[in-house]
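The values are calculated or read from the model by the stated rules, or taken from the named source; none is laboratory data. Small disclaimer: the values here were computed from a predicted structure and weren't measured. Ideal geometry is used to build each Cβ from the backbone, glycine not excepted, and the neighbour counts take in all protein chains shown.
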Amino acid sequence: MNHDAFMQRAIDISVNFKYTAKPNPVVGAILVYENEIISEGAHEQYGDNHAEVNCLNGVSRDIIADSTLYCTLEPCNHTGKTPPCTEAIISSGLKRIFIGSLDPNPKVAGSGIARLKDNGIEVKVGILEEKVKESNRFFFFKHLNKRPFITIKIASSNDGMSHSSDGSTTWITSEASRQDVQIVRAEHDAILTGGNTIRNDNPRMNARVDFPVNQPGKILLSSFSEWDKNLNFFKEGAVKVIDNSNLESVIDELSQMNINSVLVEAGPKLVNSFMNNGYFDQLIIYESPDSIGNKGIKWFEGFNPIDKFQLDLKSTCTIDRDIKRVFEKC
Ligand code: AOF
Ligand code: ZN
């Protein structure tokens with residue numbers, strides 16, 4: 001039996017739901033009988049059935065007893081939005097389960113496996129574990145680091161400017177780059193911005209994509225409270241306003257929220273404050289070929305940001321006239 005191939009199939013079906021399962025992890029499960037896949041299930045939508053339940057539903061006890069379940073993540077052992085998967089597995093009559101990775105969520109974290117073993121089920125953990133972690137990068141990050149993964153996204157002129165000081169608000173990057181940003185937004189659980197950005201740019205800050213997505217939450221970092229609710233930012237979805245000038249407390253507050261990732265889309269002041277304090281994990285720069293010149297406001301002071309912030313260039317691609325670069329903290 002090729003365990004890796006079956007686990008790979010379980011991963012493949014899970015990732016189809018990456019935009020609708022979040023902030024839950026993507027999880028896939030497959031049931032194998034006499035070396036053939038006889039049932040598949042995934043966690044398709046936040047709040048709905050977990051993968052194991054979708055996979056085992058409708059299969060007879062007799063067949064399940066002689067089958068192996070491959071599940072990308074350790075089955076949960078707690079009652080959340082749905083009952084524990086361990087209960088469903090135990091009562092299904094399953095005798096053998098192969099698991100990709102332990103669930104780092106402290107509500108689970110090994111207790112699912114212990115419960116299955118206590119009920120006489122054979123459990124093997126650690127098949128394609130790194131791939132499972134990679135497919136749930138933000139989820140694992142949050143539980144390991146006790147704070148959400150922070151991505152900072154900026155659009156820059158080719159001379160490193162954010163915008164021009166005279167207020168001429170022409171777009172820096174191309175339409176295609178701005179469309180790419182919509183996908184980056186869709187990948188994150190929340191978008192954070194500052195008062196100046198919503199005042200000056202009037203952005204909607206939602207993910208305008210042509211596939212189903214759990215929209216990112218909106219977080220506004222501002223001490224101002226008299227916002228004009230007709231601004232686009234306030235129009236769709238709930239906005240959480242954080243009035244706190246201490247960044248460490250802001251991060252603490254973000255860590256308490258049910259989010260694994262935050263996309264910071266803000267002006268140079270807020271972006272530098274996150275970066276200078278080390279509160280970022282990924283920086284995405286969309287760079288236009290056009291210059292703004294000496295009427296411009298720079299994104300970063302002094303040396304080039306790559307040296308200053310110890311960044312590791314992970315990928316480069318061209319989007320229309322622009323270059324997109326993704327950096328991670330070394
Ligand atoms: C599983 N199978 O398919 C998923 C699991 O609020 P709930 O009830 O949906 O629970 C969410 C938590 O359950 C989530 O944070 C993670 O620890 C686990 N996700 N577990 O057994 C699944 N999606
Ligand atoms: Zn579950």
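Please go through (1) away from ligand 1 (no atom under 12 Å from the Cβ); (2) under 30 Å from SER255 (Cβ atoms) for THR86 and return the number of the only condition it doesn't satisfy.
Evaluating THR86 over (1) away from ligand 1 (no atom under 12 Å from the Cβ); (2) under 30 Å from SER255 (Cβ atoms) leaves (1) as the failure.
Please state which of the following conditions ASP103 fails to meet, knowing it meets all the rest: (1) outside any loop (DSSP other than H, G, I, E, B); (2) among the charged types (D, E, K, R); (3) touching an Asp or Glu at 6+ places or on another chain (Cβ under 8 Å).
Looking at each condition in turn, ASP103 falls short on (1).
Can you tell which of ASN244, ASN232, ASN277, ASN294 is without any contact (Cβ under 8 Å) to a residue 60 or more places away in the chain, in contact with a Leu (Cβ under 7 Å, 6 or more places away or on another chain) and not β-branched (Val, Ile, Thr)? Give the steps one after another, and end with the answer.
Details: ASN244 fails: in contact with a Leu (Cβ under 7 Å, 6 or more places away or on another chain); ASN232 fails: in contact with a Leu (Cβ under 7 Å, 6 or more places away or on another chain); ASN294 fails: in contact with a Leu (Cβ under 7 Å, 6 or more places away or on another chain).
Exactly one of ASN244, ASN232, ASN277, ASN294 is without any contact (Cβ under 8 Å) to a residue 60 or more places away in the chain, in contact with a Leu (Cβ under 7 Å, 6 or more places away or on another chain) and not β-branched (Val, Ile, Thr), namely ASN277.
Take the range 20-40 and flag every residue that is of a type outside the set (A, V, I, L, M), farther than 15 Å from PHE98 by Cα and crowded, with 20+ Cβ neighbours inside 10 Å.
LYS22, PRO23, ASN24, PRO25 - these are the residues of the range 20-40 that are of a type outside the set (A, V, I, L, M), farther than 15 Å from PHE98 by Cα and crowded, with 20+ Cβ neighbours inside 10 Å.
Condition check ((1) surrounded by fewer than 17 Cβ atoms within 10 Å (Cβ to Cβ); (2) at negative phi; (3) touching a His at 6+ places or on another chain (Cβ under 9 Å); (4) among the small types (Gly, Ala, Ser)) across all residues:
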| site | (1), (2), (3), (4) |
| --- | --- |
| LYS142 | no, yes, no, no |
| PHE149 | no, yes, yes, no |
| ASN158 | yes, yes, no, no |
| GLU175 | yes, yes, no, no |
| ASP180 | no, yes, no, no |
| GLU187 | no, yes, no, no |
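Would it be correct to say that LEU73 is touching a helix residue (DSSP H, G or I) at 6+ places or on another chain (Cβ under 7 Å), surrounded by 21 or more Cβ atoms within 10 Å (Cβ to Cβ) and more than 22 Å from ASN260 (Cα to Cα)? Give the steps one after another, and end with the answer.
Working: touching a helix residue (DSSP H, G or I) at 6+ places or on another chain (Cβ under 7 Å): yes; surrounded by 21 or more Cβ atoms within 10 Å (Cβ to Cβ): yes; more than 22 Å from ASN260 (Cα to Cα): no.
Considered against the rule, which asks whether it is touching a helix residue (DSSP H, G or I) at 6+ places or on another chain (Cβ under 7 Å), surrounded by 21 or more Cβ atoms within 10 Å (Cβ to Cβ) and more than 22 Å from ASN260 (Cα to Cα), LEU73 comes out as no.
Of everything in the range 31-69 that's within 16 Å of ligand 1 (Cβ to nearest atom), free of Cβ contacts under 8 Å to residues at least 40 places away in the same chain and part of a loop (DSSP other than H, G, I, E, B), which residue is farthest from PHE6 (Cα to Cα)?
GLY47
Determine if the range 315-322 includes at least one residue that is out of contact with any Gly (no Cβ under 7 Å at 6 or more places or on another chain), assigned to a strand (DSSP E or B), among the β-branched types (Val, Ile, Thr) and touching a residue at least 12 places away in the same chain (Cβ under 8 Å). Show your work before the answer.
Applying the first criterion (out of contact with any Gly (no Cβ under 7 Å at 6 or more places or on another chain)) to the range 315-322 yields 315-322.
Then drop every residue that is not assigned to a strand (DSSP E or B), which leaves 315-319, 322.
Right, trim to among the β-branched types (Val, Ile, Thr) and you get 316, 318-319.
Now narrow it down to the ones that are touching a residue at least 12 places away in the same chain (Cβ under 8 Å): 319.
Among the residues of the range 315-322, at least one is out of contact with any Gly (no Cβ under 7 Å at 6 or more places or on another chain), assigned to a strand (DSSP E or B), among the β-branched types (Val, Ile, Thr) and touching a residue at least 12 places away in the same chain (Cβ under 8 Å), which makes the answer yes.
This table checks each residue for (1) at pLDDT 95 or above; (2) surrounded by fewer than 19 Cβ atoms within 10 Å (Cβ to Cβ); (3) in a loop (DSSP other than H, G, I, E, B); (4) in contact with a strand residue (DSSP E or B) (Cβ under 8 Å, 6 or more places away or on another chain).
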residue: ASP210; (1), (2), (3), (4): yes, yes, yes, no
residue: ASN214; (1), (2), (3), (4): yes, yes, yes, no
residue: SER225; (1), (2), (3), (4): no, yes, yes, yes
residue: ASP228; (1), (2), (3), (4): no, yes, yes, no
residue: LYS240; (1), (2), (3), (4): no, yes, no, yes
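Scanning the range 74-99 for residues that are touching a Ser or Thr at 6+ places or on another chain (Cβ under 6 Å) and within 14 Å of ligand 2 (Cβ to nearest atom), which turns out modelled with the lowest pLDDT?
ASN77
Working only within the range 52-71, note down all residues that are within 12 Å of ligand 2 (Cβ to nearest atom) and out of contact with any Leu (no Cβ under 8 Å at 6 or more places or on another chain).
Taking the range 52-71 and keeping what is within 12 Å of ligand 2 (Cβ to nearest atom), we get 52-56, 71.
Across the range 52-71, the qualifying residues are VAL53, ASN54, CYS71.
What about ARG178, is it among the charged types (D, E, K, R) and over 30 Å from TYR70 (Cα atoms)? If you could, list the steps in order and put the result at the bottom.
Details: among the charged types (D, E, K, R): yes; over 30 Å from TYR70 (Cα atoms): yes.
It is true that ARG178 is among the charged types (D, E, K, R) and over 30 Å from TYR70 (Cα atoms).
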